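All of the numbers you see were taken from the coordinates with simple rules; none came from a lab. The model shown is predicted, which means the values in this text are computed figures rather than measured ones. Neighbour counts run over all protein chains shown; Cβ positions are idealised from the backbone, glycine included.
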Amino acid sequence: MNPLIEQIKSQYRGGSMTIRLLIVNVGIFALIQLINALERLQILSFLKGSPLGYPGQFLFALPVWWLQILYKPWTLFTSLFAHFGFLHLFGNLLFLYFAGSTYERFFGAKRLLHLYILGGLAGNLTEILAHQLFPALQGNSFSVVGASGAIMAIFMALAFSQPQLQVQLFGVFPLRIYMLALFFFLKDLSSLGTADQIAHFAHIGGALFGIWSIQQFWHIRLSRPWLGINLRSNKSHLKVKKGGRPMTDDQFREQKQARQAQLDTILDKISKKGYDALSKAEKDFLFQQSKDV
């Protein structure tokens, strides 16, 4: 078999969930380009005039009018992986690689996959609802494609769970991740109702779902979204009393190191098996640490 195909199969089987999502997105993009090429070469010309006259659009693009969705409900899902332009694909996959790999490191592969799909669906449904409600968006043939809503869900969940995480903008300018998340959210908000052919409501819907999901994960109130939870650099203040007596500096350091070692073990378990694999005692310990940060 071709070495490239073998390498792709190996990456898909043994790679991270982020890598698998990248491969699926690229594979569907290649399929769409093949279908489009067959259309241009008139190989599929016999489909003209039928519902499959433009099979790429029919199979992968999500219409925003609910009557059309009834005829192809699967596009609620397939549109999450579909890109029709190379720049659209490249930008989304670059963003997905950064946000997905970082989120997966903290919360595991299973939660990443769930958030990608559910966040993307939430974004799609938000876009559909907006086109039914707002007159300015009605009367056009707008359709939704791309992983942007799903990626915004992942990115916002990451930003709200790790607000102090530092990123390098253009590899030069250090920024807290929540600043970058706020910029993208405001950018979409300021573009609502414009004719730029971008599904801004899908982005906002995905972002809001990501925020909601992380609040559910930590079991905290929505009124405390900026709780710092950078667990690997935990700086919580430990009690200096033990049995009514002050601890020595050595005892304080030993206790702090023991708690950090336990925390690292739990985070490694999340990375490998996901949050649901934790015992109740481990979940309680993790939640207590998040409150002490």
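Just check segment 3-218 against the gyration tensor rule for me: Cα atoms, a ≥ b ≥ c as the square roots of the eigenvalues, rounded for a/c under 1.5, and otherwise prolate or oblate depending on whether a/b exceeds b/c. Can you show the working numbers first?
Details: a/c = 1.97, a/b = 1.27, b/c = 1.55.
Because a/c hits 1.5 or more and a/b fails to exceed b/c, segment 3-218 counts as oblate.
When you count, for each residue, the other Cβ atoms within 10 Å and take the mean per peptide, how do 73-79, 101-107, 34-40 rank with the highest first?
Values: 73-79: 16.6, 101-107: 21.3, 34-40: 14.0.
Answer by packing, highest mean first, reads 101-107, 73-79, 34-40.
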Could you please report the charge total around L62, scoring K, R as +1 and D, E as -1 over all other residues with beta-carbon less than 15 angstrom from its beta-carbon?
0
Report the full-extension gain for the segment V172 to L4: residue separation times 0.36 nm, less the Cα-Cα distance, to one decimal in nm.
57.1 nm
